[in-house]
Amino acid sequence: MLSRVANNLYWMARYIERAENIARIVDVNLQLLLDLRDLNDQRLADHWMPIVQSTGDEAAFLGLHKKATGKHVTEFLVFQTENTNSLVSSICQARENARMVRDQITGDLWEELNRLYLFVRSPQARQVWKESPTDFFQQVKSSSLTLIGLTRATAIRNEGWNFSEAGKLIERADKTSRILDLRYHTLPEKGAPTSVTQAEALEWSAILRSCSAWDAYKSIHSAEVHPKLVTNFLLLNEDFPRSARFCVKELNLALRRISGVSAGRFSNEAEKLTGRLEAELQFSTVDEIFAHGLHQYLDQFQFKLNAIGNALFSAYFFQSTASVDDQILVQQEEQQQQSHHLVLGANDANRPTVN
Amino acid sequence: MPGVGKTRHHMLKRYDHAGFFDEMLDKGGQVRPHYRKFREHFKALTPQEFNHKRHSVDVAFLRQGITFNVYGDSAGTEKIFPFDLLPRIIPAREWELLERGLAQRITALNLFLHDIYHEQHILKEGVIPPHYVLSGKHFRREFAGFNVPKDIYIHVCGTDLIRDDSGRWLVLEDNGRCPSGVSYVLENRRAMKRSFPGMFEQIGVRPVEDYSQELLRMLNYLAPVGVADPTVVLLTPGAYNSAYFEHTYLARQMGIEIVEGRDLVVRDARVFMRTTKGLRPVHVIYRRIDDDFIDPTVFRRDSMLGVPGLVHAYRAGNVSLANSIGTGIADDKVMYYFVPRMIKYYLNQEPIIPNVETYLASEEADKKYILENLNKLVVKAANESGGYGMLMGPKASKDEIEIFRKAIEADPRNYIAQPMISLSRHPTQTDENKFEGRHIDLRPFILYGEKIVIVPGGLTRVALRKGSLVVNSSQGGGSKDTWVLYGDE
């Protein structure tokens, strides 16, 4: 498949996943505020600022807003197109990538994505948002899930599918780790906290709900919310589809379907790094992670995912950096050599220019 | 339909058809025979039902992103191409005439292109004054003596036809470079079938759906010698081109890759596409990029859309292009003037569909006439399309006329003039939910491969603004589905 097309599919899937994650984070945190007491400016900032930080766009935010209030943060994360990672920006970019490869995706997928795009850009979206943010996020989330479902149910399992899977999984693993990192400033630098206040428990359950993990978590750990258990679940659980380990395992499989190289071997940097990261998650315990420092661990995890993304780019998407000028030079050289052949074996069809 | 209240029937009764050739009603206000069956079905609909159908079609087009991009408009870059639900209907005997006329024309144009790039008989014998061809902006002298694959120059042609106030069919222009619009033909039909599922069979409308297969068959036919299973691709200028929707649509329908210039690379006079598994050879390119931009080493040096070395590969016979390079000269509006002579010269026939009467500004007598009658004529620049570079004399301001007067005097070769044709009209729904006559034209699509294939009908474009004669999508035009009937009624 065309490298450019593979790249577009990869990013289309990443941006859809990104938009859905923003919808969940903002939705859950807006609801969480309803349960918190004694809110003042400082406490609000303490609540919202980590969310901005988790997206990695703190500098952009401070360039646009003075204070981290709910209004500013949600505006920044949801609607502001100056923020290239906002929900609306992500949907626009997903749709733009899809537009470039419309011949490669099913009509249903395109229509749904286009519908979502038209919705978030319409005045009606603002209206829904004003009346009930939850309804707004519900629309975005169900649209994203429809897109994922449509892809699963209708897309042929070819290379393009694997590249869009890879994009989705890298984004999802990254976002899960960033959401898990939201409350790191309440943790000791190394080691796990011994006791958890009620407010903290609420915050950690918000983390689970931001990852749509609340029900799954409860079924395993009952209703006891502890940072260690939450971390274990979101990072190391083998079966939960949004856990870091699950995503990396699936990513590894997708990459191997692309190249045909069996597990245990690798044919490029991306496969090597992904295999290594999967092994690391398989053979780690949550105690070790806390002993190392959760924040630091997650930082490194995100760094490794970035490295995998870059390696994928060099292995499959990279277009030779030769500029058009260089290419023209190559062509002129080739044609110089060719015209010697032409003189030797000149035939009518290849007659040199009459000009 | 008794008891439903007002029906469409009444609304069409107030319809004014005087003063023009109306496609549906004759001079006496009677429905023409080939519209009668449609009229019967149509009468059974209430205005509410009709508007409901219209609304769902609009929503479907928007959802599917069946849109075009407007150049120079940064705010609303994508628009849906307005679609009018009343179909334009052509009876079998009339279509048969058009088909013969279009085949005659594309045959003559291809013979002409072969001739001027080879022996130039038509110039040597003075049938066409040589300087008109040799001075043409799109005459590619670099390709003199070059044999294009299968000796076909124009593979896809979108000829614009109109009818004058007596209902006579005329050719307005030949689009022999990269004509667009066929995706609307296919999508309009799909929308109509969804809206009026019962009508098609009962009225007897010929299908258009096999266009994509015919196009692919033609492209495969062009494959370079010795390539049994050619790789065909569609070359697009990219997602910001106004016809990008059509490019992806056709590529998907044909099941071929759509590529941009940067996806292709030329090595040893062969064309390859960059894939995730390395370079893969390409044999036939359906290019939707004009000659000027196709190869920066040969034509425009600043083009970022093209593929360096493509022309070299083409000359070496390793890749085929549709349409061939150099067909732009046939689109030159001055060449249009000579098409009837080409038909006579190469085929020894009279044109089946005549031209619109045309004056060449570079002929002294014609120029004098043009300059004296600028307020009555339509003036066109020889190498513009899409309704740009045009003066509608009777509707123009004094300043506009003076601008054209200066331009014609400065560069007469670049202008032609034609009398203002009052195009035929067709009942069309207005924004106020009334039905009024609006001017229309017709662009059939002609494929020239192993044989000539013309999909029945084509794109009927309609000038939605009252009184307007400009049907281009970029200038307030819309479209209709075009029905060619199996019979005459």
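Overview of results
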quantity: Count of segment B:92-119 residues which are in a loop (DSSP other than H, G, I, E, B) and touching a residue at least 12 places away in the same chain (Cβ under 8 Å); calculated: 2
quantity: Options A:T74, A:T69, A:T55; residue that is hydroxyl-bearing (S, T, Y) and either surrounded by fewer than 16 Cβ atoms within 10 Å (Cβ to Cβ) or in contact with a strand residue (DSSP E or B) (Cβ under 7 Å, 6 or more places away or on another chain) (or both); calculated: A:T69
quantity: Near pairs, Cβ below 9 angstrom, 6+ apart or cross-chain, from segment B:124-137 (under 15 Å from B:L360 (Cβ atoms) and in contact (Cβ under 8 Å) with a residue 24 or more places away in the chain) to any residue that is assigned to a loop (DSSP other than H, G, I, E, B) and among the hydrophobic types (A, V, I, L, M, F, W, C); calculated: B:V133/B:F139; B:G136/B:A382
quantity: Members of segment B:292-303 that are of a type outside the set (D, E) and either part of a loop (DSSP other than H, G, I, E, B) or facing chain A (nearest Cβ under 10 Å) (or both); calculated: B:P296, B:T297, B:V298, B:F299, B:R300, B:R301, B:S303
quantity: Selection count where residues are of a type in the set (A, V, I, L, M), under 27 Å from B:I154 (Cα atoms) and in contact with a Leu (Cβ under 9 Å, 6 or more places away or on another chain), scope segment B:452-481; calculated: 6
quantity: Close pairs (6 angstrom Cβ cut-off, 6 or more residues apart or separate chains): under 11 Å from A:V88 (Cα atoms) and within 11 Å of chain B (Cβ to nearest Cβ) in segment A:106-133, assigned to a helix (DSSP H, G or I) and among the hydroxyl-bearing types (S, T, Y) anywhere; calculated: A:L116/A:S143
quantity: Sole exception among (1) at pLDDT 95 or above; (2) surrounded by fewer than 18 Cβ atoms within 10 Å (Cβ to Cβ); (3) within 21 Å of the chain's Cα centre (by Cα) for B:P456, by number; calculated: (2)
quantity: Conditions (1) over 24 Å from B:Q213 (Cα atoms); (2) within 7 Å of chain A (Cβ to nearest Cβ); (3) not in a loop (DSSP other than H, G, I, E, B): number failed by B:V265; calculated: (2)
quantity: Candidates B:I258, B:I289, B:I329, B:I285 - the one that is crowded, with 19+ Cβ neighbours inside 10 Å and within 8 Å of chain A (Cβ to nearest Cβ); calculated: B:I258
quantity: Residue list for segment B:415-432, filter: outside any strand (DSSP E or B), out of contact with any helix residue (DSSP H, G or I) (no Cβ under 7 Å at 6 or more places or on another chain) and not charged (D, E, K, R); calculated: B:I421, B:S422, B:L423, B:S424, B:T430
quantity: Single match in A:T197, A:T154 (criterion: over 20 Å from the mean Cα position of the chain (by Cα) and touching a residue at least 24 places away in the same chain (Cβ under 8 Å)); calculated: A:T154
quantity: Some residue of segment B:184-196 being of a type outside the set (S, T, Y), more than 25 Å from B:I80 (Cβ to Cβ) and outside the structural domain of B:E246 (by TED's automatic domain parsing); calculated: no
quantity: Residue count, segment A:1-30 (criterion: closer than 17 Å to A:T146 by Cβ and among the basic types (K, R)); calculated: 2
quantity: Boolean, A:E96 is within 8 Å of chain B (Cβ to nearest Cβ), surrounded by fewer than 18 Cβ atoms within 10 Å (Cβ to Cβ) and under 29 Å from A:L64 (Cα atoms); calculated: yes
quantity: Qualifying residue in segment B:159-181 (condition: charged (D, E, K, R), part of a helix (DSSP H, G or I) and within 21 Å of the chain's Cα centre (by Cα)); calculated: no
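Residue-by-condition table, conditions (1) out of contact with any Ser or Thr (no Cβ under 9 Å at 6 or more places or on another chain); (2) surrounded by fewer than 17 Cβ atoms within 10 Å (Cβ to Cβ); (3) closer than 17 Å to A:E17 by Cα:
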| site | (1), (2), (3) |
| --- | --- |
| A:E82 | no, yes, no |
| A:L113 | no, no, yes |
| A:Y117 | yes, no, yes |
| A:L147 | yes, no, yes |
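Residues are listed down the side, and each one gets a yes or a no for (1) of a type outside the set (D, E, K, R); (2) free of Cβ contacts under 8 Å to residues at least 60 places away in the same chain; (3) assigned by TED's automatic domain parsing to the domain that holds B:H131:
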residue: B:L310; (1), (2), (3): yes, yes, yes
residue: B:G317; (1), (2), (3): yes, no, yes
residue: B:T327; (1), (2), (3): yes, no, yes
residue: B:M335; (1), (2), (3): yes, no, yes
residue: B:I352; (1), (2), (3): yes, no, no
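Listed here are the residues, each with its yes/no results for (1) within 30 Å of A:V101 (Cβ to Cβ); (2) in a helix (DSSP H, G or I); (3) of a type in the set (D, E, K, R).
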| residue | (1), (2), (3) |
| --- | --- |
| A:Y15 | yes, yes, no |
| A:N21 | yes, yes, no |
| A:I25 | yes, yes, no |
| A:V28 | no, yes, no |
| A:Q31 | no, yes, no |
| A:L36 | no, no, no |
| A:F61 | no, yes, no |
| A:A68 | no, no, no |
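One line per residue, one yes/no per condition, for (1) touching a strand residue (DSSP E or B) at 6+ places or on another chain (Cβ under 7 Å); (2) without any contact (Cβ under 8 Å) to a residue 24 or more places away in the chain; (3) assigned to a loop (DSSP other than H, G, I, E, B):
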site: A:A192; (1), (2), (3): no, no, yes
site: A:A201; (1), (2), (3): no, no, no
site: A:K218; (1), (2), (3): no, yes, no
site: A:A223; (1), (2), (3): no, yes, yes
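Let's see how each residue does on (1) under 20 Å from A:I328 (Cα atoms); (2) modelled with pLDDT of 90 or more; (3) among the polar types (S, T, N, Q); (4) out of contact with any Cys (no Cβ under 9 Å at 6 or more places or on another chain):
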{"residue": "B:S242", "(1), (2), (3), (4)": "no, no, yes, yes"}
{"residue": "B:E257", "(1), (2), (3), (4)": "no, yes, no, yes"}
{"residue": "B:V271", "(1), (2), (3), (4)": "yes, yes, no, yes"}
{"residue": "B:R274", "(1), (2), (3), (4)": "yes, yes, no, yes"}
{"residue": "B:V284", "(1), (2), (3), (4)": "no, yes, no, yes"}
{"residue": "B:D291", "(1), (2), (3), (4)": "yes, no, no, yes"}
{"residue": "B:F299", "(1), (2), (3), (4)": "yes, no, no, yes"}
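Let's see how each residue does on (1) in contact with a helix residue (DSSP H, G or I) (Cβ under 7 Å, 6 or more places away or on another chain); (2) surrounded by fewer than 19 Cβ atoms within 10 Å (Cβ to Cβ); (3) more than 14 Å from chain A (Cβ to nearest Cβ); (4) modelled with pLDDT of 95 or more:
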| position | (1), (2), (3), (4) |
| --- | --- |
| B:I66 | yes, no, no, no |
| B:L113 | yes, no, yes, yes |
| B:I116 | yes, no, no, yes |
| B:H138 | yes, no, yes, no |
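Quick grid of which residues meet (1) basic (K, R); (2) not in a helix (DSSP H, G or I):
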{"position": "B:M335", "(1), (2)": "no, no"}
{"position": "B:I343", "(1), (2)": "no, no"}
{"position": "B:K367", "(1), (2)": "yes, no"}
{"position": "B:L371", "(1), (2)": "no, no"}
{"position": "B:N383", "(1), (2)": "no, yes"}
{"position": "B:L391", "(1), (2)": "no, yes"}
{"position": "B:D399", "(1), (2)": "no, no"}
{"position": "B:F404", "(1), (2)": "no, no"}
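The values are calculated or read from the model by the stated rules, or taken from the named source; none is laboratory data. Remember, predicted model here, so these are calculated numbers, not experimental data. Cβ sites come from the backbone with ideal geometry, for glycine too, and all protein chains shown count toward neighbours.
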